[in-house]
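Report on the structure given below.
The values are calculated or read from the model by the stated rules, or taken from the named source; none is laboratory data. Quick caveat, the model's predicted, so the values are computed rather than measured. Cβ: placed from backbone, ideal geometry, glycine included. Neighbour counts: every protein chain shown. Side chains are part of the model used for accessible areas, which takes the heavy atoms of the whole protein and leaves out ligands, DNA and RNA. Shrake-Rupley method; radii C 1.70, N 1.55, O 1.52, S 1.80 Å.
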Amino acid sequence: MWERKAEGHLVSEGFQPIENWRSVYYHKELKLILMVYVDDFKLTGPKNNLIKGWGKIRKGLVLDCVTPMGKCLGCNHIRGADH
């Protein structure tokens, strides 16, 4: 049920599922990639668009505060070069 609710909202805000990559979405206008795993959301893309992306996500979903990068799916996520 949660997955369907989350996906319905994300699609309504412009996040499109990436074919053959379950639970990963792309927002063409903002050039953002979003990965959803249960209640973990990882968003990446141009720094200036991240706040806009989180705003779209939070319009219809109640989420905890954004936290620093860390471990996700058993891997440590580290910040790369800014583009």
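Overview of results
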read-out	value
The stretch 38-63, residues that are part of a helix (DSSP H, G or I), closer than 19 Å to His77 by Cα and not aromatic (Phe, Trp, Tyr)	Lys47, Leu50
Hits in the stretch 63-83 - residues which are of a type in the set (Gly, Ala, Ser) and open to solvent by 50 Å² or more (accessible area, probe 1.4 Å)	Gly74, Gly80, Ala81
Test: residue in the stretch 68-77 that is among the hydrophobic types (A, V, I, L, M, F, W, C) and either touching a strand residue (DSSP E or B) at 6+ places or on another chain (Cβ under 7 Å) or at pLDDT 90 or above (or both)	yes
Pairs with Cβ under 8 Å, 6+ apart, first in the stretch 43-55 and over 11 Å from Lys31 (Cβ atoms), second in a helix (DSSP H, G or I)	Leu43/Leu50; Leu43/Gly53; Leu43/Trp54; Leu43/Ile57
Restricting the stretch 1-26 to residues that are part of a loop (DSSP other than H, G, I, E, B), over 11 Å from the mean Cα position of the chain (by Cα) and more than 15 Å from Gly55 (Cβ to Cβ), the residue that is modelled with the lowest pLDDT	Met1
Boolean, Glu29 is acidic (Asp, Glu) and either surrounded by 13 or more Cβ atoms within 10 Å (Cβ to Cβ) or in a strand (DSSP E or B) (or both)	no
Residues (farther than 13 Å from Leu10 by Cα and exposed (fewer than 13 other Cβ atoms within 10 Å of the Cβ)) located in the stretch 41-62	Lys47, Asn48, Ile51
Scan of the stretch 33-55 for residues that are within 10 Å of the chain's Cα centre (by Cα) and among the charged types (D, E, K, R), ordered by number	Asp40, Lys42
Tally of residues being open to solvent by less than 50 Å² (accessible area, probe 1.4 Å) and of a type outside the set (A, V, I, L, M, F, W, C) across the stretch 1-26	6
